[in-house]
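The values are calculated or read from the model by the stated rules, or taken from the named source; none is laboratory data. Being a predicted model, the structure only gives us computed values, none of them experimental. Cβ placement follows ideal geometry from the backbone for every residue including glycine, while neighbour counts extend to all protein chains displayed. Side chains are part of the model used for accessible areas, which takes the heavy atoms of the whole protein and leaves out ligands, DNA and RNA. Shrake-Rupley method; radii C 1.70, N 1.55, O 1.52, S 1.80 Å.
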Amino acid sequence: MSAPIRVRFAPSPTGYLHIGGARTALFNWLYARHHGGTFMLRIEDTDRERSTPESVRAILDGLRWLGLDWDEGPEIGGAHGPYFQTERIALYRETVEGLRAKGRAYRCTCTREEIDARRKLIGPAYRYEGTCKDDRDPGDKPFVYRFRLPESGRVEFADRVVGKIGKMVSDLYDEVLCRADYVPLYNFGCVVDDHHMGITLVGRGQEHINSTFPQLLLYEALGWQPPEFAHFPLILGPDREKLSKRLHPEADVMLHKKNGMLPEALLNYVVRLGWSHGNDEVISRAQMIEWFDFDRVGSTSGVWDPTKLAWLNQKWIEAGDDKRLAELSLTFFQDRNVPVSANDPKVVRAMALLKGRAKSLSELADQGLFFFTRGLPSMDAAAEAKFLTSAAKPLLADARKLIADHGLADPHALEEKFRALATERGLGLGKVAQPVRVAVTGTTASPPLFDTMALIGQDEVLARLDAVLARIA
(Lines give C-alpha, C1' and ligand atoms only; values in the text may rest on other atoms or scores of the structure.)
Protein backbone atom coordinates (compact mmCIF):
# COMPACT_ATOMS: atom_id res chain seq x y z
CA MET A 1 0.00 0.00 0.00
CA SER A 2 1.49 3.37 -1.03
CA ALA A 3 2.15 6.08 1.54
CA PRO A 4 -0.39 8.92 1.81
CA ILE A 5 0.49 11.82 -0.46
CA ARG A 6 2.18 14.74 1.28
CA VAL A 7 3.32 17.80 -0.67
CA ARG A 8 4.53 21.22 0.39
CA PHE A 9 5.01 24.81 -0.64
CA ALA A 10 8.18 26.22 0.92
CA PRO A 11 8.66 29.90 0.06
CA SER A 12 11.46 32.16 1.26
CA PRO A 13 9.86 35.24 2.88
CA THR A 14 11.88 37.94 1.14
CA GLY A 15 9.02 39.91 -0.44
CA TYR A 16 5.52 39.49 -1.78
CA LEU A 17 3.99 36.24 -3.03
CA HIS A 18 5.31 35.83 -6.59
CA ILE A 19 3.06 34.54 -9.36
CA GLY A 20 5.54 31.71 -9.95
CA GLY A 21 5.34 30.78 -6.28
CA ALA A 22 1.56 30.97 -6.39
CA ARG A 23 1.51 28.56 -9.33
CA THR A 24 3.87 26.19 -7.50
CA ALA A 25 1.57 26.33 -4.48
CA LEU A 26 -1.49 25.83 -6.70
CA PHE A 27 -0.11 22.78 -8.50
CA ASN A 28 0.90 21.16 -5.21
CA TRP A 29 -2.42 22.08 -3.60
CA LEU A 30 -4.39 20.63 -6.53
CA TYR A 31 -2.33 17.43 -6.49
CA ALA A 32 -3.02 16.99 -2.78
CA ARG A 33 -6.71 17.78 -3.11
CA HIS A 34 -7.13 15.53 -6.17
CA HIS A 35 -5.58 12.56 -4.39
CA GLY A 36 -6.91 13.23 -0.90
CA GLY A 37 -3.43 14.07 0.38
CA THR A 38 -1.90 16.73 2.63
CA PHE A 39 -0.73 20.18 1.54
CA MET A 40 1.83 21.67 3.90
CA LEU A 41 3.25 25.20 4.11
CA ARG A 42 6.83 25.62 5.31
CA ILE A 43 8.64 28.95 5.60
CA GLU A 44 12.32 28.81 4.59
CA ASP A 45 13.40 31.91 6.50
CA THR A 46 17.16 31.29 6.80
CA ASP A 47 18.08 34.40 4.78
CA ARG A 48 18.23 36.50 7.93
CA GLU A 49 19.10 39.70 6.10
CA ARG A 50 16.12 39.59 3.74
CA SER A 51 13.48 37.50 5.53
CA THR A 52 10.95 39.64 7.38
CA PRO A 53 7.70 39.12 9.31
CA GLU A 54 6.04 41.45 6.80
CA SER A 55 7.02 39.11 3.97
CA VAL A 56 5.68 36.11 5.87
CA ARG A 57 2.39 37.95 6.30
CA ALA A 58 2.34 38.87 2.60
CA ILE A 59 2.74 35.19 1.65
CA LEU A 60 0.04 34.01 4.03
CA ASP A 61 -2.34 36.77 2.91
CA GLY A 62 -1.69 36.02 -0.75
CA LEU A 63 -2.36 32.30 -0.34
CA ARG A 64 -5.51 32.96 1.65
CA TRP A 65 -6.80 35.47 -0.92
CA LEU A 66 -6.33 32.81 -3.59
CA GLY A 67 -8.12 30.26 -1.41
CA LEU A 68 -5.11 27.93 -1.14
CA ASP A 69 -5.57 26.66 2.39
CA TRP A 70 -2.86 24.54 4.00
CA ASP A 71 -3.39 21.47 6.18
CA GLU A 72 -0.20 21.96 8.21
CA GLY A 73 1.97 25.00 8.71
CA PRO A 74 2.08 28.49 10.21
CA GLU A 75 -1.02 29.52 12.19
CA ILE A 76 -2.38 25.97 11.72
CA GLY A 77 0.20 23.77 13.39
CA GLY A 78 0.57 20.05 12.82
CA ALA A 79 2.56 17.00 13.80
CA HIS A 80 5.64 17.88 11.73
CA GLY A 81 6.46 21.35 13.03
CA PRO A 82 7.95 23.73 13.65
CA TYR A 83 7.24 25.12 10.20
CA PHE A 84 9.90 27.85 10.14
CA GLN A 85 13.43 26.68 9.30
CA THR A 86 15.01 29.02 11.85
CA GLU A 87 13.21 27.01 14.53
CA ARG A 88 14.71 23.71 13.30
CA ILE A 89 18.43 24.45 13.80
CA ALA A 90 18.95 21.58 16.24
CA LEU A 91 17.82 19.12 13.58
CA TYR A 92 20.30 20.50 11.03
CA ARG A 93 23.09 20.32 13.63
CA GLU A 94 22.32 16.70 14.39
CA THR A 95 22.17 15.81 10.69
CA VAL A 96 25.36 17.53 9.58
CA GLU A 97 27.34 16.13 12.50
CA GLY A 98 26.03 12.69 11.60
CA LEU A 99 27.32 13.20 8.07
CA ARG A 100 30.71 14.26 9.45
CA ALA A 101 30.85 11.16 11.56
CA LYS A 102 30.38 9.08 8.40
CA GLY A 103 32.99 11.09 6.50
CA ARG A 104 30.40 12.67 4.19
CA ALA A 105 30.74 16.26 5.45
CA TYR A 106 33.69 18.41 6.40
CA ARG A 107 34.54 21.87 7.68
CA CYS A 108 35.79 24.28 5.05
CA THR A 109 37.65 27.50 5.89
CA CYS A 110 37.97 28.79 2.31
CA THR A 111 36.68 32.35 2.26
CA ARG A 112 34.31 33.78 -0.30
CA GLU A 113 37.13 35.99 -1.55
CA GLU A 114 39.40 32.99 -2.09
CA ILE A 115 36.68 31.10 -3.93
CA ASP A 116 35.90 34.14 -6.12
CA ALA A 117 39.59 34.57 -6.95
CA ARG A 118 39.86 30.93 -8.08
CA ARG A 119 36.69 31.24 -10.13
CA LYS A 120 38.02 34.39 -11.79
CA LEU A 121 41.27 32.61 -12.62
CA ILE A 122 39.71 29.42 -14.02
CA GLY A 123 36.49 30.84 -15.45
CA PRO A 124 32.91 29.50 -15.66
CA ALA A 125 34.10 25.88 -15.54
CA TYR A 126 35.41 26.33 -11.98
CA ARG A 127 34.17 23.90 -9.35
CA TYR A 128 35.27 23.87 -5.74
CA GLU A 129 38.29 21.56 -5.68
CA GLY A 130 37.93 20.16 -2.18
CA THR A 131 40.77 22.14 -0.62
CA CYS A 132 39.56 21.41 2.93
CA LYS A 133 38.56 17.76 2.55
CA ASP A 134 40.88 16.72 5.36
CA ASP A 135 38.40 18.40 7.78
CA ARG A 136 41.23 19.90 9.83
CA ASP A 137 40.45 21.90 12.96
CA PRO A 138 39.54 25.40 11.76
CA GLY A 139 40.82 27.01 14.93
CA ASP A 140 39.67 30.62 15.06
CA LYS A 141 38.93 30.76 11.34
CA PRO A 142 35.31 31.07 10.21
CA PHE A 143 34.10 27.98 8.40
CA VAL A 144 31.17 26.27 6.71
CA TYR A 145 30.19 22.62 6.40
CA ARG A 146 30.53 21.07 2.96
CA PHE A 147 29.12 17.83 1.57
CA ARG A 148 31.68 15.28 0.40
CA LEU A 149 30.57 13.86 -2.95
CA PRO A 150 31.26 10.27 -3.94
CA GLU A 151 34.39 9.85 -6.07
CA SER A 152 32.48 8.86 -9.20
CA GLY A 153 29.17 7.69 -10.53
CA ARG A 154 26.00 9.06 -12.03
CA VAL A 155 22.88 10.42 -10.39
CA GLU A 156 19.53 10.35 -12.15
CA PHE A 157 15.82 10.46 -11.49
CA ALA A 158 12.50 10.17 -13.31
CA ASP A 159 10.80 13.54 -13.14
CA ARG A 160 6.99 13.45 -13.19
CA VAL A 161 6.92 16.29 -15.73
CA VAL A 162 10.25 16.38 -17.58
CA GLY A 163 11.00 12.66 -17.70
CA LYS A 164 14.25 10.88 -16.95
CA ILE A 165 17.18 13.20 -16.20
CA GLY A 166 20.75 12.37 -15.19
CA LYS A 167 24.16 13.92 -14.49
CA MET A 168 27.63 12.61 -13.82
CA VAL A 169 28.95 13.17 -10.30
CA SER A 170 32.07 14.63 -11.89
CA ASP A 171 29.92 17.54 -13.10
CA LEU A 172 29.05 18.44 -9.49
CA TYR A 173 31.12 19.80 -6.61
CA ASP A 174 31.20 19.64 -2.81
CA GLU A 175 28.43 22.10 -1.96
CA VAL A 176 28.06 24.03 1.27
CA LEU A 177 25.51 22.39 3.55
CA CYS A 178 25.29 24.95 6.33
CA ARG A 179 27.19 27.65 8.14
CA ALA A 180 29.15 27.12 11.33
CA ASP A 181 26.03 28.05 13.32
CA TYR A 182 24.16 25.26 11.47
CA VAL A 183 21.89 27.62 9.53
CA PRO A 184 21.31 25.56 6.36
CA LEU A 185 21.63 26.48 2.73
CA TYR A 186 18.77 25.56 0.42
CA ASN A 187 19.85 22.09 -0.74
CA PHE A 188 20.57 20.84 2.76
CA GLY A 189 17.66 22.44 4.57
CA CYS A 190 14.99 21.24 2.17
CA VAL A 191 16.34 17.66 2.13
CA VAL A 192 16.35 17.44 5.92
CA ASP A 193 12.93 19.04 6.26
CA ASP A 194 11.28 17.11 3.42
CA HIS A 195 12.45 13.84 4.94
CA HIS A 196 11.37 14.59 8.51
CA MET A 197 8.08 16.10 7.34
CA GLY A 198 7.25 12.99 5.31
CA ILE A 199 7.06 14.75 1.93
CA THR A 200 6.32 12.20 -0.81
CA LEU A 201 6.61 14.50 -3.83
CA VAL A 202 8.48 17.76 -4.33
CA GLY A 203 6.80 19.98 -6.93
CA ARG A 204 8.72 23.13 -7.88
CA GLY A 205 9.94 25.18 -10.84
CA GLN A 206 12.35 23.92 -13.50
CA GLU A 207 15.01 26.33 -12.26
CA HIS A 208 15.52 23.86 -9.38
CA ILE A 209 16.32 20.83 -11.56
CA ASN A 210 20.09 21.18 -11.07
CA SER A 211 19.55 21.34 -7.31
CA THR A 212 17.95 17.90 -7.41
CA PHE A 213 21.19 16.04 -8.23
CA PRO A 214 23.13 17.00 -5.09
CA GLN A 215 19.94 16.59 -3.07
CA LEU A 216 19.59 13.00 -4.27
CA LEU A 217 23.19 12.33 -3.28
CA LEU A 218 22.41 13.75 0.15
CA TYR A 219 19.44 11.41 0.51
CA GLU A 220 21.73 8.53 -0.41
CA ALA A 221 24.42 9.59 2.07
CA LEU A 222 21.83 9.89 4.85
CA GLY A 223 20.23 6.56 4.02
CA TRP A 224 16.86 8.15 3.34
CA GLN A 225 14.32 7.36 0.63
CA PRO A 226 13.98 10.43 -1.63
CA PRO A 227 10.57 11.76 -2.65
CA GLU A 228 9.36 11.95 -6.22
CA PHE A 229 10.04 15.16 -8.11
CA ALA A 230 7.97 17.23 -10.53
CA HIS A 231 9.54 20.33 -12.05
CA PHE A 232 7.14 22.84 -13.57
CA PRO A 233 7.85 25.02 -16.63
CA LEU A 234 8.99 28.60 -16.27
CA ILE A 235 6.64 31.58 -16.47
CA LEU A 236 7.88 34.33 -18.78
CA GLY A 237 6.85 37.96 -18.81
CA PRO A 238 5.31 39.60 -21.89
CA ASP A 239 8.90 40.42 -22.95
CA ARG A 240 9.76 36.69 -22.93
CA GLU A 241 12.14 37.15 -20.01
CA LYS A 242 11.64 35.06 -16.87
CA LEU A 243 8.86 36.64 -14.82
CA SER A 244 10.70 38.47 -12.06
CA LYS A 245 10.04 40.92 -9.27
CA ARG A 246 12.65 43.27 -10.71
CA LEU A 247 11.32 43.45 -14.28
CA HIS A 248 7.62 42.66 -14.07
CA PRO A 249 5.14 44.34 -11.71
CA GLU A 250 2.58 41.68 -12.63
CA ALA A 251 4.71 39.13 -10.75
CA ASP A 252 3.09 40.40 -7.51
CA VAL A 253 -0.02 38.34 -6.71
CA MET A 254 -1.61 41.04 -4.55
CA LEU A 255 -1.15 43.70 -7.24
CA HIS A 256 -3.83 41.83 -9.16
CA LYS A 257 -6.16 42.10 -6.19
CA LYS A 258 -5.52 45.86 -6.10
CA ASN A 259 -6.24 46.02 -9.83
CA GLY A 260 -9.63 44.39 -9.39
CA MET A 261 -8.98 40.80 -10.39
CA LEU A 262 -11.09 38.07 -8.81
CA PRO A 263 -9.02 35.37 -7.09
CA GLU A 264 -10.81 32.64 -9.05
CA ALA A 265 -9.92 34.40 -12.31
CA LEU A 266 -6.24 34.69 -11.36
CA LEU A 267 -6.15 31.03 -10.29
CA ASN A 268 -7.86 30.06 -13.54
CA TYR A 269 -5.26 31.99 -15.51
CA VAL A 270 -2.27 30.75 -13.52
CA VAL A 271 -3.27 27.07 -13.70
CA ARG A 272 -3.26 27.33 -17.50
CA LEU A 273 0.37 28.53 -17.46
CA GLY A 274 1.79 25.06 -17.79
CA TRP A 275 -1.27 22.80 -17.41
CA SER A 276 -4.24 22.18 -19.65
CA HIS A 277 -7.42 20.17 -19.92
CA GLY A 278 -8.23 19.91 -23.59
CA ASN A 279 -9.50 23.22 -24.92
CA ASP A 280 -11.16 24.26 -21.65
CA GLU A 281 -10.45 27.90 -20.80
CA VAL A 282 -12.83 28.91 -18.00
CA ILE A 283 -12.12 26.34 -15.30
CA SER A 284 -13.56 26.33 -11.80
CA ARG A 285 -11.68 25.34 -8.66
CA ALA A 286 -13.76 22.16 -8.41
CA GLN A 287 -12.89 21.24 -12.01
CA MET A 288 -9.21 21.90 -11.38
CA ILE A 289 -9.26 19.51 -8.42
CA GLU A 290 -11.13 16.88 -10.43
CA TRP A 291 -8.90 17.09 -13.50
CA PHE A 292 -5.44 17.95 -12.20
CA ASP A 293 -2.48 15.61 -12.42
CA PHE A 294 1.10 15.92 -13.58
CA ASP A 295 0.55 14.08 -16.85
CA ARG A 296 -1.15 17.26 -18.13
CA VAL A 297 1.67 19.58 -17.03
CA GLY A 298 3.87 20.54 -19.98
CA SER A 299 7.54 21.43 -20.12
CA THR A 300 7.20 24.54 -22.32
CA SER A 301 7.42 27.93 -20.63
CA GLY A 302 4.18 29.90 -20.30
CA VAL A 303 4.09 33.55 -21.38
CA TRP A 304 2.18 36.12 -19.34
CA ASP A 305 -0.69 37.57 -21.38
CA PRO A 306 -2.55 40.43 -19.63
CA THR A 307 -5.24 40.45 -22.34
CA LYS A 308 -6.09 36.81 -21.66
CA LEU A 309 -6.18 37.44 -17.91
CA ALA A 310 -8.57 40.39 -18.42
CA TRP A 311 -10.80 38.23 -20.62
CA LEU A 312 -10.96 35.51 -17.98
CA ASN A 313 -11.65 38.06 -15.26
CA GLN A 314 -14.55 39.44 -17.27
CA LYS A 315 -15.96 35.93 -17.62
CA TRP A 316 -15.72 35.36 -13.86
CA ILE A 317 -17.24 38.75 -13.04
CA GLU A 318 -20.10 38.12 -15.46
CA ALA A 319 -20.82 34.77 -13.78
CA GLY A 320 -20.33 36.15 -10.27
CA ASP A 321 -22.84 36.32 -7.44
CA ASP A 322 -24.23 39.86 -7.22
CA LYS A 323 -23.93 40.09 -3.43
CA ARG A 324 -20.33 38.90 -3.44
CA LEU A 325 -19.43 41.27 -6.25
CA ALA A 326 -21.00 44.10 -4.29
CA GLU A 327 -18.84 43.26 -1.26
CA LEU A 328 -15.68 42.98 -3.35
CA SER A 329 -16.34 46.21 -5.23
CA LEU A 330 -16.87 48.37 -2.13
CA THR A 331 -13.20 49.26 -1.83
CA PHE A 332 -13.10 50.42 -5.43
CA PHE A 333 -16.17 52.65 -5.02
CA GLN A 334 -14.79 54.06 -1.78
CA ASP A 335 -11.46 54.80 -3.50
CA ARG A 336 -13.51 56.97 -5.85
CA ASN A 337 -15.10 58.82 -2.93
CA VAL A 338 -18.45 57.08 -3.35
CA PRO A 339 -19.69 56.23 0.17
CA VAL A 340 -21.52 52.96 -0.48
CA SER A 341 -21.94 50.16 2.04
CA ALA A 342 -22.28 46.40 1.83
CA ASN A 343 -25.80 46.65 3.25
CA ASP A 344 -27.03 48.92 0.45
CA PRO A 345 -29.36 46.83 -1.77
CA LYS A 346 -28.79 49.36 -4.55
CA VAL A 347 -25.17 48.20 -4.84
CA VAL A 348 -26.26 44.57 -5.29
CA ARG A 349 -28.82 45.58 -7.93
CA ALA A 350 -26.16 47.63 -9.70
CA MET A 351 -23.91 44.57 -9.94
CA ALA A 352 -26.57 42.70 -11.87
CA LEU A 353 -26.65 45.50 -14.44
CA LEU A 354 -22.90 46.19 -14.62
CA LYS A 355 -21.20 42.81 -14.40
CA GLY A 356 -21.64 41.84 -18.03
CA ARG A 357 -19.39 44.66 -19.23
CA ALA A 358 -16.49 45.08 -16.79
CA LYS A 359 -13.07 43.42 -17.12
CA SER A 360 -12.15 44.21 -13.51
CA LEU A 361 -13.71 45.36 -10.26
CA SER A 362 -11.93 48.67 -10.80
CA GLU A 363 -13.54 49.05 -14.21
CA LEU A 364 -16.87 47.97 -12.74
CA ALA A 365 -16.66 50.81 -10.22
CA ASP A 366 -15.73 53.31 -12.93
CA GLN A 367 -18.68 52.20 -15.04
CA GLY A 368 -21.08 52.34 -12.10
CA LEU A 369 -20.25 55.73 -10.61
CA PHE A 370 -23.33 57.38 -12.13
CA PHE A 371 -25.56 55.09 -10.05
CA PHE A 372 -24.31 56.54 -6.77
CA THR A 373 -23.49 60.18 -7.44
CA ARG A 374 -25.86 63.14 -7.52
CA GLY A 375 -26.11 65.71 -10.28
CA LEU A 376 -24.79 65.44 -13.79
CA PRO A 377 -22.38 62.54 -14.27
CA SER A 378 -18.94 62.99 -15.75
CA MET A 379 -19.63 63.45 -19.46
CA ASP A 380 -17.88 61.75 -22.35
CA ALA A 381 -17.08 64.79 -24.50
CA ALA A 382 -17.65 63.05 -27.82
CA ALA A 383 -20.98 61.60 -26.66
CA GLU A 384 -22.12 64.98 -25.37
CA ALA A 385 -21.21 66.74 -28.63
CA LYS A 386 -23.02 64.14 -30.72
CA PHE A 387 -26.20 63.55 -28.72
CA LEU A 388 -26.88 66.53 -26.43
CA THR A 389 -27.59 69.00 -29.22
CA SER A 390 -30.21 71.60 -29.89
CA ALA A 391 -31.85 69.15 -32.31
CA ALA A 392 -32.19 66.62 -29.51
CA LYS A 393 -33.60 69.11 -27.00
CA PRO A 394 -37.29 68.61 -27.90
CA LEU A 395 -36.88 64.82 -27.68
CA LEU A 396 -35.21 65.14 -24.28
CA ALA A 397 -38.04 67.35 -23.10
CA ASP A 398 -40.64 64.82 -24.29
CA ALA A 399 -38.74 61.99 -22.65
CA ARG A 400 -38.58 63.95 -19.41
CA LYS A 401 -42.38 64.38 -19.48
CA LEU A 402 -42.91 60.64 -20.02
CA ILE A 403 -40.72 59.83 -17.04
CA ALA A 404 -42.42 62.45 -14.88
CA ASP A 405 -45.88 61.22 -15.86
CA HIS A 406 -45.34 57.46 -15.75
CA GLY A 407 -42.44 56.97 -13.34
CA LEU A 408 -39.73 54.30 -13.46
CA ALA A 409 -41.33 51.52 -11.45
CA ASP A 410 -42.06 49.48 -14.61
CA PRO A 411 -39.06 49.74 -16.95
CA HIS A 412 -40.73 47.60 -19.62
CA ALA A 413 -43.85 49.78 -19.71
CA LEU A 414 -41.74 52.94 -19.90
CA GLU A 415 -39.74 51.46 -22.80
CA GLU A 416 -43.00 50.97 -24.67
CA LYS A 417 -43.88 54.62 -24.05
CA PHE A 418 -40.50 55.63 -25.50
CA ARG A 419 -41.11 53.42 -28.55
CA ALA A 420 -44.45 55.06 -29.09
CA LEU A 421 -42.84 58.51 -28.84
CA ALA A 422 -40.16 57.51 -31.35
CA THR A 423 -42.77 56.15 -33.76
CA GLU A 424 -44.82 59.34 -33.41
CA ARG A 425 -41.72 61.35 -34.37
CA GLY A 426 -40.89 58.98 -37.26
CA LEU A 427 -37.68 57.85 -35.54
CA GLY A 428 -36.12 54.67 -34.27
CA LEU A 429 -36.02 54.06 -30.52
CA GLY A 430 -32.29 54.80 -30.39
CA LYS A 431 -32.80 58.38 -31.61
CA VAL A 432 -34.84 59.06 -28.48
CA ALA A 433 -33.14 56.72 -26.02
CA GLN A 434 -29.50 57.57 -26.76
CA PRO A 435 -29.68 61.30 -25.85
CA VAL A 436 -31.43 60.30 -22.63
CA ARG A 437 -28.75 57.70 -21.91
CA VAL A 438 -25.96 60.25 -22.35
CA ALA A 439 -27.79 62.82 -20.22
CA VAL A 440 -28.38 60.34 -17.39
CA THR A 441 -25.15 58.26 -17.46
CA GLY A 442 -22.64 60.49 -19.27
CA THR A 443 -21.84 57.79 -21.83
CA THR A 444 -23.25 55.97 -24.84
CA ALA A 445 -22.40 52.58 -23.31
CA SER A 446 -24.38 51.66 -20.23
CA PRO A 447 -26.50 48.80 -18.96
CA PRO A 448 -30.07 48.65 -20.31
CA LEU A 449 -31.37 52.23 -20.14
CA PHE A 450 -34.74 51.71 -18.50
CA ASP A 451 -33.40 49.35 -15.81
CA THR A 452 -30.57 51.83 -15.26
CA MET A 453 -32.93 54.76 -14.77
CA ALA A 454 -35.11 52.70 -12.43
CA LEU A 455 -32.10 52.05 -10.21
CA ILE A 456 -30.91 55.67 -10.28
CA GLY A 457 -34.38 56.82 -9.19
CA GLN A 458 -36.99 59.12 -10.69
CA ASP A 459 -36.05 62.31 -8.84
CA GLU A 460 -32.38 62.04 -9.75
CA VAL A 461 -33.09 61.15 -13.40
CA LEU A 462 -35.40 64.17 -13.75
CA ALA A 463 -32.82 66.42 -12.10
CA ARG A 464 -30.15 65.30 -14.56
CA LEU A 465 -32.44 65.80 -17.54
CA ASP A 466 -33.34 69.28 -16.29
CA ALA A 467 -29.65 70.14 -15.94
CA VAL A 468 -28.90 68.96 -19.47
CA LEU A 469 -31.90 70.83 -20.92
CA ALA A 470 -30.68 73.97 -19.22
CA ARG A 471 -27.21 73.55 -20.76
CA ILE A 472 -28.39 73.07 -24.33
CA ALA A 473 -28.72 76.32 -26.25
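Among the chymotrypsin sites (Phe, Trp or Tyr not before Pro) in region 47-135, those located in a DSSP loop and surrounded by at most 14 other Cβ atoms within 10 Å of their own Cβ are TYR126.
With every protein chain left in place, what is the accessible area per residue of region 407-458 in square angstrom, probe 1.4 Å?
Averaged over the residues of region 407-458, the accessible area is 41 Å².
With distances taken between every two different alpha-carbon atoms, region 81-171 has a Kirkwood hydrodynamic radius of 16.0 Å.
Once the 1.4 Å probe is applied to the protein heavy atoms, region 1-155 comes out at 50 Å² accessible per residue. Only lysines eight or more places from LYS401 in sequence, or on another chain, were considered; those with a Cα closer than 17 Å are LYS393, LYS417, LYS431.
Bridging of LYS141 to lysines at a Cα separation below 23 Å is possible for LYS133, once same-chain residues fewer than 8 apart are set aside.
Applying a 4.7 Å cutoff between beta carbons, the unpaired cysteines of the chain are CYS110, CYS178, CYS190. Element breakdown for region 376-473 at a 1.4 angstrom probe: carbon and sulfur atoms account for 53% of the accessible area.
Within the accessible area of region 119-162, what % is carbon and sulfur when the probe is 1.4 Å and the other protein chains stay in place? Walk me through the numbers before you get to the answer.
Numbers: 1510 of 3000 Å².
Solvent-exposed carbon and sulfur of region 119-162 make up 50 percent of the total.
The mean of 1/r over all distinct Cα pairs in region 1-144, once inverted, gives the Kirkwood hydrodynamic radius of 18.3 Å.
Considering the convex hull of the alpha carbon atoms of the chain, report its projected area averaged over all viewing directions, in nm², one decimal. It would help to have the intermediate numbers written out before the result.
On the way: hull surface 119.5 nm².
For the chain, the mean projected area of the Cα convex hull comes to 29.9 nm².
Restricting region 36-78 to GluC sites (Glu not before Pro) that sit in a DSSP loop and have at most 16 other Cβ atoms within 10 Å of their own Cβ leaves GLU49, GLU75.
Please identify every one of the trypsin sites (Lys or Arg not before Pro) in region 372-444 that sits in a loop by DSSP and has no more than 16 other beta carbons within 10 Å of its own beta carbon. Don't skip to the answer; put the middle values down first.
Numbers: sites: ARG374, LYS386, ARG400, LYS401, LYS417, ARG419, ARG425, LYS431, ARG437; in loops: ARG374, ARG425.
Taking region 372-444 and a limit of 16 other Cβ atoms within 10 Å, the loop trypsin sites (Lys or Arg not before Pro) found are ARG374, ARG425.
Considering only beta bridges that DSSP places wholly inside the chain, some 60 percent are antiparallel.
Computed with a 1.4 Å probe on the full set of protein chains, the accessible area for THR38 sits at about 30 Å². From its DSSP helices (H runs of at least four residues, each -39,500 (n - 2.57)), the chain gives a residue-normalised ellipticity at 222 nm of -14500 deg cm²/dmol. Between VAL338 and LYS141, the C-beta separation translates, for a Förster distance of 60 Å, into a calculated FRET efficiency of about 0.35. Once the 1.4 Å probe is applied to the protein heavy atoms, region 223-370 comes out at 47 Å² accessible per residue.
Ranked highest first by average number of other Cβ atoms within 10 Å, how do 267-275, 143-151, 391-399 line up? Write down the numbers at each step before the final one.
Working: 267-275: 23.4, 143-151: 19.1, 391-399: 17.3.
Output ranking for 267-275, 143-151, 391-399: 267-275, 143-151, 391-399.
Straight-line reach from LYS258: taking Cα to Cα under 22 Å and skipping same-chain neighbours fewer than 8 places apart, the lysines in range are LYS245, LYS308, LYS315, LYS323, LYS355, LYS359. Heavy atoms only, probe 1.4 Å: what % of the accessible area of region 234-336 goes to carbon and sulfur, would you let me know? Accessible surface attributable to carbon and sulfur in region 234-336 totals 49 percent.
Compute and list, largest first, the equivalent-ellipsoid semi-axes of region 320-454 from the alpha carbon gyration tensor, each √(5λ) rounded to a whole angstrom. Please list the in-between numbers first.
Details: eigenvalues 164, 53, 30 Å².
Three semi-axes, in Å: 29, 16, 12.
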